[in-house]
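The values are calculated or read from the model by the stated rules, or taken from the named source; none is laboratory data. Quick caveat: nothing in here was measured; it's all calculated off a predicted structure. In this analysis, Cβ positions are derived from the backbone assuming ideal geometry, glycine residues included, and neighbour counts consider all displayed protein chains. For accessibility, only protein heavy atoms count, side chains too; no ligands or nucleic acids. Shrake-Rupley method; radii C 1.70, N 1.55, O 1.52, S 1.80 Å.
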Amino acid sequence: MNILVCISHVPDTTSKINFVMDNTLFKSKGVQYIINPNDEFGLTRAIWFKEKHGATVHVIHVGTAAADPTLRKCLAIGADKAYRIDTPAHDGNHVAHELAAFLKTNSHDLIIAGRESIDYNGGMVPGILAGILNMPFIPNCVGLEIDGNTATGEREIDGGREKLKGTLPMVIGGQKGLVEESDLKIPNMRGIMQARQKPFEVIPSSNAMALTKEVSFEKPAPKAAVKLVPADDIDQLIELLHKEANVI
Amino acid sequence: MSVLVIIETEKNKLKRNAAEVASYGVGLAADLKTSCSAIAFHSDNADSLGQFGISKVAVVSNVPMHFDANTYADTIAQHVQQIKATHLIVSSSADAKFLAPLLAAKLNAAYVPNVVALPSATNPLTVKRTAFTNKAFANTTIEGSCSIIGVGNNTFGAIENPVSCDVQSVVYNPSTSLLEQVSIEKETGKATIADADVVVSGGRGLKGPENWHLIEELAEVLDAATACSKPVSDMGWRSHDEHVGQTGKPVSTNLYIAIGISGAIQHLAGVNASKVKVVINSDPEAPFFKAADYGVVGDAFEVVPELIKKLKAFKALG
Ligand SMILES: Cc1cc2nc3c(=O)[nH]c(=O)nc-3n(C[C@H](O)[C@H](O)[C@H](O)COP(=O)(O)OP(=O)(O)OC[C@H]3O[C@@H](n4cnc5c(N)ncnc54)[C@H](O)[C@@H]3O)c2cc1C
Ligand SMILES: Nc1ncnc2c1ncn2[C@@H]1O[C@H](COP(=O)(O)O)[C@@H](O)[C@H]1O
């Protein structure tokens, strides 16, 4: 089984979010980048399939060389090969079409992406990709089993879970639950050394199109100071929530 | 050109979020000086959309009873072509976020999720959406002839605008499904994080799972959904479905009550879109107080039982 894990490269979760160039561009200076957390769960599950069933694990990123350290980290954790499609990522539609063009000539049995990237939160790349390729798709996936040619996945729905079954090739939008937090791997020295020898291929863009453009950014308006209510005057809290905030 | 609102149903009844997406669609159609209609699956009260300004609804019944993303997307795509819709409106539910990208691929449409307001400009269409997990907004322009706008939960609201509503049953021939539903587990009768008006959330300050009756009782009085911080689900005190924050479920509710939660940046990012935030924490320096509207500095084990008692009395008064 050949697994392709789609990696997005995002600001660390503690990053301060600021903009430059008249609020038209995210200020990446001084920001630490990481593997998108949802993708890390997917990658770890893929490596589990490799260890248990001898799958091959490839990772792919659509973007500039800025993400190379992130892809190297994926190799150090256990992926066998990295691909980078060499174009700045413009939007979800663009990334999905670049990935689709790649998959048309480099077929894989299972494509694992994340539920959403934590920067632009599009939550759309795996779904658009599945739509273009007419493959089954399981989003918000919190459990995945493969048996021969059949994949069974569980997706989180509002207030519950749904178990779905389909035939490979399939696209997954993964998140925590695919593996647990404690299963995530930290690259060790041996992994880092091995990563240097692993294949890393940079491929040209297929010139896919973006359909949206972020023209400017804004930060939320600063918040008024909190109104503190003494712990022995809960009546006052109820009064405020009822009369002032109008929420109970 | 026309606007089409995609309405979700549950057990043949419109879901609560129908009012908000319908209101958005009607507002957008007014801005674009065009008409607005809706499509719903398996609905027996679609005419009630008239209350929110929808005068025409197409109801589809020849699709699976359970939400099946592929057949539903295919049906909607055929309807879009039939009525020449150019702007599609969806909610931010788990099902809508499943459906919208598949539809975007079928229609070669731009999909913009988490939109918080009507467009600030119509040429090119420019919408404001959340980005960086609520740490910022992105003003986004949309290219191309077809677009799908995902309305953020509780961002636009429901706007009453009664008109008479014509419901027509329509039939399309969608392609067969690509997935088989093996099972579905869903808590019925309980509010969910996605559509509750109130969410009550507990953190590590509650000390252990045996104390969660406090969260549950408070949630029950308020008809609220329950949630938790990440370490609480990581330690297995609560199910992982309840984990909210940047890497968990997003919360965008009217009232969010955080108990024994410090307010780490990753937690705040995921819950900040909620309108009113109440924090109960024994540490006056807890960062969450900076992001809260109302706060109580105190021991949860004293404050929460008191709050439950007083709220019960308040509710009993009606
Ligand atoms: C990559 C990454 C992603 C993350 N994603 C998320 C996420 O999505 N969601 C999330 O929640 N976290 C996330 N975190 C974790 C986050 O950084 C914090 O560690 C976490 O939110 C802390 O949880 P907590 O507030 O429950 O616990 P703590 O930080 O331990 O806070 C407990 C609070 O309880 C208070 N307290 C103690 N006793 C009492 C009492 N008797 N009465 C009242 N208050 C009391 C304390 O004063 C303290 O403020 C993430 C971290 C990383 C690194
Ligand atoms: N530039 C990219 N390159 C490769 N995969 C991506 C890229 N952007 C997003 N993805 C994948 O798509 C998922 C959802 O991203 P998004 O639609 O941007 O929220 C991510 O978790 C990744 O798995």
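Which value in deg cm²/dmol, rounded to the nearest 500, describes the helix-derived mean residue ellipticity at 222 nm for chain B, given -39,500 (n - 2.57) per DSSP H run of n ≥ 4 and division by the residue count?
-8500 deg cm²/dmol
Using the heavy atoms of the protein chains alone and a 1.4 angstrom probe, what is the accessible area of the protein assembly as shown per residue in square angstrom?
41 Å²
About the Cα centre of the protein assembly as shown, what is the dipole size in debye to 20, counting +1 per Lys and Arg Cβ and -1 per Asp and Glu Cβ, all else neutral? Don't skip to the end; give the middle numbers.
Working: 52 positive and 61 negative charges, 254 e Å.
The dipole magnitude comes to about 1220 debye.
Grab the DSSP H runs of chain A that are 4 residues or longer, score each as -39,500 (n - 2.57), total them, divide by all residues and round the 222 nm result to the nearest 500 deg cm²/dmol. Don't skip to the end; give the middle numbers.
On the way: 6 runs with 65 residues, N = 248.
Theoretical 222 nm ellipticity from helices: -8000 deg cm²/dmol.
Of the residues A:GLY78, A:GLY148, A:GLY131, which exhibits the maximal mean-square fluctuation in a Gaussian network model of chain A defined by a 10 Å Cα contact cut-off?
Result: A:GLY148 has the largest fluctuation of those listed.
State which entries of A:LYS27/B:LYS275; B:LYS135/B:LYS249; A:LYS27/A:LYS213; B:LYS277/B:LYS315 exceed 22 angstrom in Cα-Cα distance in the structure shown.
Listed pairs above 22 Å: A:LYS27/B:LYS275.
Kindly provide the pair-distance distribution of the protein assembly as shown built from C-alpha pairs, with 10 Å bins from 0 and whole-percent values in order of increasing distance.
Histogramming the protein assembly as shown at 10 Å steps yields 3, 18, 28, 27, 18, 6, 1, 0 percent.
Kindly write out, for the range A:13-25 in residue order, the coupling ³J(HN,Hα) from the Karplus curve 6.51 cos²θ - 1.76 cosθ + 1.60 (θ = phi - 60°), rounded to whole Hz, with x marking Gly and Pro.
4, 8, 4, 7, 9, 9, 10, 10, 6, 6, 6, 10, 9
Say a paramagnetic label sat at a point 7 Å from the Cα of B:SER145, along Cα to Cβ; which residues of the range B:68-104 have their backbone N under 12 Å from it?
Of the residues in the range B:68-104, B:81, B:84-86 have backbone N under 12 Å from the label point off B:SER145.
Along Cα→Cβ, 7 Å out, is where each label goes; now give me the distance between the ones at A:LYS16 and A:LYS227 in nm to one decimal.
3.1 nm
Relative contact order for chain B: what is it in percent, counting Cα pairs under 8 Å that are at least 6 residues apart?
In percent, rounded to a whole number, it is 14.
Computed FRET efficiency, Cβ-Cβ of B:THR34 and B:GLU10, R0 25 Å: what is it to the nearest 0.05?
For B:THR34 and B:GLU10, the calculated efficiency is 0.25.
Pairing the Cα long axis of helix B:300-317 with the longest principal axis of chain B, what angle in degrees results, from 0 to 90 and rounded to the nearest 10?
For B:300-317 against chain B, the angle is about 60 degrees.
For chain B, find the longest principal axis of its Cα atoms and tell me its angle to the long axis of helix B:213-222, 0 to 90°, nearest 10.
Orientation of helix B:213-222: about 50 degrees from the principal axis.
Could you list the trypsin sites (Lys or Arg not before Pro) in the range A:200-248 that lie in coil according to DSSP, counting only those with at most 13 other Cβ atoms within 10 Å of their Cβ?
Counting only loop positions with at most 13 other Cβ atoms within 10 Å, the trypsin sites (Lys or Arg not before Pro) in the range A:200-248 are A:LYS223.
Ignoring ligands, DNA and RNA and using a 1.4 Å probe, state the total buried accessible area between B and A in Å², rounded to the nearest 100. Mind showing how you got there, number by number?
On the way: alone 15650 and 14250 Å², together 23110 Å².
Interface area, both chains combined: 6800 Å², rounded to the nearest 100.
How large is Rg over Rh for chain A, taking Rg from the Cα atoms and Rh as the Kirkwood inverse mean of 1/r across Cα pairs?
On the Cα set of chain A, Rg over Rh gives 1.06.
Would you please name the GluC sites (Glu not before Pro) within the range A:142-205 that are DSSP coil residues with at most 15 other C-beta atoms within 10 Å of their C-beta?
Loop-located and lightly packed - A:GLU180.
Under the rule of at least 5 residues apart or a separate chain, name every residue whose amide H is placed under 5 Å from the amide H of A:ASN18.
Here the answer is A:LYS27, since their amide H atoms fall under 5 Å of that of A:ASN18.
What FRET efficiency comes out for the pair A:LYS243/B:ASP47, r = Cβ-Cβ distance, R0 = 56 Å, nearest 0.05? Can you show the working numbers first?
Values: r = 36 Å, r/R0 = 0.64.
My answer for the efficiency is 0.95.
Using a Gaussian network model of chain B with C-alpha springs under 10 Å, which one of B:ALA225, B:ALA291, B:ALA110 is most mobile by mean-square fluctuation?
Judging by the Gaussian network model, the answer is B:ALA291.
Determine by what factor the alpha-carbon radius of gyration of chain B differs from 2.2 N^0.38 Å, reporting the quotient.
That works out to 1.07 for chain B.
What are the trypsin sites (Lys or Arg not before Pro) within the range A:1-51 that DSSP puts in a loop, where the Cβ has at most 14 other Cβ atoms within 10 Å?
Those satisfying the criteria are A:LYS16, A:LYS29.
Once phi is turned into θ = phi - 60°, what whole-Hz ³J(HN,Hα) does the Karplus curve with 6.51, -1.76 and 1.60 give for every residue of the range B:107-117, x standing for Gly and Pro?
9, 6, 9, 7, 10, 10, x, 6, 7, 10, 7
Name the residues whose placed amide hydrogens come within less than 5 Å of the amide hydrogen of B:GLY295, ignoring near sequence neighbours (fewer than 5 apart) on the same chain.
Placed amide hydrogens put A:LYS227, A:LEU228, A:VAL229, B:VAL279 under 5 Å from B:GLY295.
Show which lysines lie in cross-link reach of A:LYS81 when reach means a straight Cα distance below 29 angstrom and same-chain residues fewer than eight apart are skipped.
By straight Cα distance, A:LYS81 reaches A:LYS29, A:LYS50, A:LYS52, A:LYS73, A:LYS104, A:LYS165, A:LYS176, A:LYS185, A:LYS198.
To the nearest 10 degrees, how steeply does helix B:18-32 sit against the main Cα axis of chain B, on a 0 to 90 scale?
It is inclined by approximately 50 degrees.
Sorted by accessible area (1.4 Å probe), largest first, how do B:MET1, A:MET193, A:MET1 line up? Let's see the in-between values first.
Working: B:MET1 125, A:MET193 95, A:MET1 70 Å².
My answer, sorted largest first, is B:MET1, A:MET193, A:MET1.
Can you list the residues, at least 5 places off or on another chain, whose amide H is less than 5 Å from the amide H of A:ASP158, using H built in the peptide plane?
B:ALA94, B:ASP95
Would you mind finding the longest exposed-site-free stretch of chain B, with exposed GluC sites (Glu not before Pro) meaning DSSP loop and at most 14 other Cβ atoms within 10 Å?
B:1-159
Given C-alpha coordinates of the range B:198-316, what is the ratio Rg to Rh with the Kirkwood estimate of Rh? Before the final figure, lay out each step's value.
Values: Rg = 12.8 Å, Rh = 13.8 Å.
Rounded to two decimals, Rg/Rh equals 0.93.
Using the Cα centre of the protein assembly as shown as origin and beta-carbon charges of +1 (Lys, Arg) and -1 (Asp, Glu), tell me which of B:ASN134, A:GLY174, A:SER107 is placed farthest towards the positive end of the dipole.
In the protein assembly as shown, that residue is A:SER107.
Efficiency by 1/(1 + (r/R0)^6): what FRET value for A:LEU184 and A:ALA66, r their Cβ-Cβ distance, R0 = 22 Å, to the nearest 0.05?
The calculated FRET efficiency here is 0.45.
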